[in-house]
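Worksheet for the structure shown next.
What follows is calculated from the coordinates using simple rules that are stated; it is not laboratory data. Not measured: the values here are computed from a predicted model. FYI the Cβ positions are ideal-geometry reconstructions off the backbone, even for glycines, and counts take in every protein chain you see.
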Amino acid sequence: MGFNFSFAVGDCILHRSTYFQRIGLPHPPVTSLFLGNLGDFERDQKQHEKIIEWTKKYGSTFGFLDGGAPTIVTSDPEIINEVFVKQYYTFQARKFHPSFALNQKNNPAVNVFFAQGNQWKRLRALFAGSLATGKIKAADPIIKRAAQELIEVFKSHENGIVDVVPQILNFTFAVISRSALGIDEEFGKSTYLNRVLEILSLGETTKKPVSAFFAGTYEFLPATQYLWILSQILGNRNFKFRDEMWYKINATINIRSKESSKEKSERHQDFLDFLYEAEDTCFDNTTNKADLDLKVPKKLTREELIQSARGFLIAGADTTATLLNYCLYELARHPECEEAIIQEIEDFINSELGNDFKSLKRA
Ligand code: HEM
């Protein structure tokens with residue numbers, strides 16, 4: 001039995017290594033039977049450069065083996081239109097790093113990033129409503145306060161030399177913790193910064209045997225998903241199914257759910273409020289697809305609400321910090337552009353389109 005099983009696994013691994021050959025799609029040569037092209041792809045963490053290099057070599061649509069996961073990369077606008085617009089209903093899930101043996105189906109603790117199909121559609125609709133421009137504006141005072149704190153930090157460096165990158169991260173973490181998690185921590189003292197950066201920096205899979213094992217056994221997820229949970233528990237001494245952030249967000253929701261309308265009106269509304277109140281109008285209890293014909297809650301469940309708030313922090317803080325840092329870097333290299341940029345922003349605010357941003361006018 002064990003003998004037959006290892007033959008079956010071996011066959012499967014051999015079979016997948018010729019996948020792109022069989023479907024006639026250009027691809028880089030498979031360098032490892034177990035991990036496909038993953039070693040090459042992640043080398044020195046320069047994945048985007050590798051994609052550009054492969055695109056030049058193999059054309060606008062090519063395949064590569066991301067561990068055991070056959071992956072198609074395309075920059076062909078027609079295919080992109082087909083996937084994101086025309087066949088949108090077929091592609092309702094996100095591809096994860098192959099070392100994540102995470103069951104995306106029927107998981108009560110997923111957010112919009114991990115969900116797929118029916119659940120993603122519902123979560124996405126709830127999210128979209130909470131991120132309308134008018135609602136984002138509610139975070140204005142939170143952003144302004146954090147910006148003021150950032151300026152104070154800059155001013156406190158008397159010699160004028162500041163390591164800008166970590167301070168911008170402190171800024172975005174303060175804004176998102178306060179506006180999405182309902183957690184108001186002192187500027188620069190976010191408990192979650194290191195944890196989030198750790199989640200985002202996966203490193204090179206080939207250098208981590210446990211991750212390599214899951215990446216190479218991608219097709220066996222129905223079995224490996226349980227081993228993966230076990231590896232998370234054993235690999236992290238501080239692992240808890242519900243960590244401190246979970247309990248903090250939950251406590252904030254409990255307090256808010258007991259507030260009177262007067263108490264509520266006396267504090268700023270934030271994304272946690274909008275997500276809590278969000279009710280899905282576009283997703284009725286049934287759809288025209290048989291497999292989606294389910295009874296589903298029209299509001300976020302408590303678990304979904306907490307996971308969504310966490311998702312904001314993981315999705316929004318580092319991304320926004322990178323963008324801001326890049327803008328500041330370019331601005332430092334081209335100080336002559338500063339006035340032109342300020343003028344462009346003012347022109348936009350003064351235009352009809354800028355109605356929602358009038359409060360941001362230069363003092
Ligand atoms: C400059 C800043 C940002 C950049 C460059 C950025 C980039 C992206 C990209 C590329 C995706 C798609 C990822 C994928 O398909 O796997 C994405 C998805 C997402 N982002 Fe952002 N993002 C930024 C800011 C934010 C912020 C501030 C938030 C929330 C507070 C946010 C929330 C999300 C969510 C919830 C999704 C998933 C949407 C879905 O599955 O339907 N992002 N972002």
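Side notes on the structure shown:
- Considering only ASP347, ASP66, ASP184, the Gaussian network model of the chain with Cα springs below 10 Å gives its largest mean-square fluctuation to ASP347.
- Dipole of the stretch 127-360, positive direction: furthest Cα of ALA340, ALA309, ILE142, with charges on the beta-carbon: ALA309
- GNM result for the chain, Cα springs below 10 Å: residue of SER130, SER201, SER190 fluctuating most strongly: SER201
- Bridgeable lysines around LYS57 (alpha carbons under 23 Å apart, same-chain partners fewer than 8 residues away excluded): LYS46.
- Whole-Hz ³J(HN,Hα) from phi, Karplus 6.51 cos²θ - 1.76 cosθ + 1.60, for the stretch 212-228, glycine and proline x: 4, 4, 5, 5, x, 10, 3, 6, 9, 3, x, 9, 6, 4, 6, 5, 5
- Per-residue Karplus couplings for the stretch 10-21, computed as 6.51 cos²θ - 1.76 cosθ + 1.60 with θ equal to phi - 60°, are listed in order as x, 4, 4, 5, 5, 4, 5, 5, 10, 3, 5, 4 Hz, Gly and Pro entered as x.
- Taking a Cβ cut-off of under 14 Å around ALA332, the surrounding Lys, Arg, Asp and Glu residues balance to a net charge of -3, with basic ones at +1 and acidic ones at -1.
- Using alpha-carbon coordinates, inclination of helix 244-257 to the longest axis of the chain, degrees: 50 degrees
- Using a cutoff of 8 angstrom between alpha carbon atoms and counting only pairs six or more residues apart, the relative contact order for the stretch 39-120 works out to 18 percent.
- Axis angle, to the nearest 10 degrees, between helix 47-58 and the longest C-alpha principal axis of the chain: 50 degrees.
- Counted charge near HIS27, where neighbours are those whose Cβ lies closer than 15 Å (Asp, Glu -1; Lys, Arg +1): +2
- Residues of the stretch 315-354 with amide N under 12 Å of a point placed 7 Å along Cα→Cβ from ASP163: none
- FRET efficiency, ILE229 to PHE113 (Cβ-Cβ, R0 25 Å, nearest 0.05): 0.90
- Under the convention that each Lys and Arg Cβ holds +1 and each Asp and Glu Cβ holds -1, the size of the dipole of the stretch 127-360 around its Cα centre is about 1160 debye.
- Summing charges over all other residues whose Cβ lies under 11 Å from the Cβ of ARG256, with Lys and Arg as +1 and Asp and Glu as -1, gives -2.
- log₁₀ of I(q)/I(0) at q = 0.07, 0.10, 0.13 Å⁻¹ - the chain, Debye sum with one point per alpha carbon: -0.41, -0.84, -1.34
- Leading residue at positive end of dipole, the stretch 2-91 (Cβ point charges), from ASN37, ILE51, GLN21: GLN21
- Computed from the C-beta positions of GLU263 and ILE72, the FRET efficiency with R₀ = 30 Å rounds to 0.05.
- Taking the average, over residues, of other Cβ atoms within 10 Å as the packing measure, peptides 270-278, 55-63, 255-263, 149-157 rank 270-278, 55-63, 149-157, 255-263 from highest down.
- Over the chain, relative contact order from alpha-carbon pairs under 8 Å, at least 6 apart, %: 20 percent
- Pairwise label distance in nanometres, ARG145 with THR322, each label 7 Å out on the Cα-Cβ vector: 2.9 nm
- Taking a ≥ b ≥ c as the square roots of the eigenvalues of the alpha carbon gyration tensor, the stretch 2-91 is oblate, as a/c is not under 1.5 and a/b does not beat b/c.
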